[in-house]
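Report on one structure; see the data block that follows.
The values are calculated or read from the model by the stated rules, or taken from the named source; none is laboratory data. These numbers were taken from a predicted model, which means no experiment stands behind them. All Cβ positions, even for glycine, are placed from backbone atoms using ideal geometry, and neighbour counts span all protein chains on display. The area values use the complete protein model at the heavy-atom level, side chains included, leaving out ligands, DNA and RNA. Shrake-Rupley method; radii C 1.70, N 1.55, O 1.52, S 1.80 Å.
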Amino acid sequence: MGTVSNILKTKGSVTFSITPDTTVYHALEVMVEKNVSALLVMENEKLAGIFTERDYARKVILKGKASMETRIREIMTEDVVTVSPDSTID
């Protein structure tokens, strides 16, 4: 059985983050620059949520919100499931 640690050895463990007060537009710029589809949302060095392409599509585009005015805190997914490096893939 593989572990999360094994995946990170291959894929890498670099993460990118933004704050809850970041605009959606700026977050999208970071995602394009880093070529990622999700960003961790960090507040006071703690995980506050995650912002994904799906969040953007469902909570900004389809609801007619403006990317330059909407803050990440308004649309991020707050209940993030996390695992440790020793967790098995199963």
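With 0.36 nm allotted per residue and the present C-alpha distance subtracted, the Glu74-Met42 stretch has 10.1 nm of extension available. Here's how it looks for Glu43: its modeled amide H is under 5 Å from those of Ala48, which are all 5 or more places away or on a different chain. For the chain, the Kirkwood estimate of the hydrodynamic radius, built from every pair of different alpha carbons, is 14.1 Å. In this simple spin-label approximation, Thr3 and Val30 carry label points 7 Å from Cα along the Cα→Cβ vector, and these lie 2.9 nm apart. The residues of the chain expose, per residue, 72 Å² of accessible area to a 1.4 Å probe. Give me the angle, in degrees from 0 to 90, between the Cα long axis of helix 24-34 and the longest principal axis of the Cα atoms of the chain, rounded to the nearest 10. With both axes taken from Cα atoms, the answer is about 40 degrees. Pairs of Lys residues in the chain are counted when their Cα atoms are under 30 angstrom apart and they lie 8 or more places apart or on different chains; the count is 12.
Phi angles across segment 80-90 convert, under the Karplus curve 6.51 cos²θ - 1.76 cosθ + 1.60 with θ = phi - 60°, into 3J(HN,Hα) values of 8, 8, 10, 9, 9, x, 7, 5, 7, 4, 4 Hz, Gly and Pro given as x.
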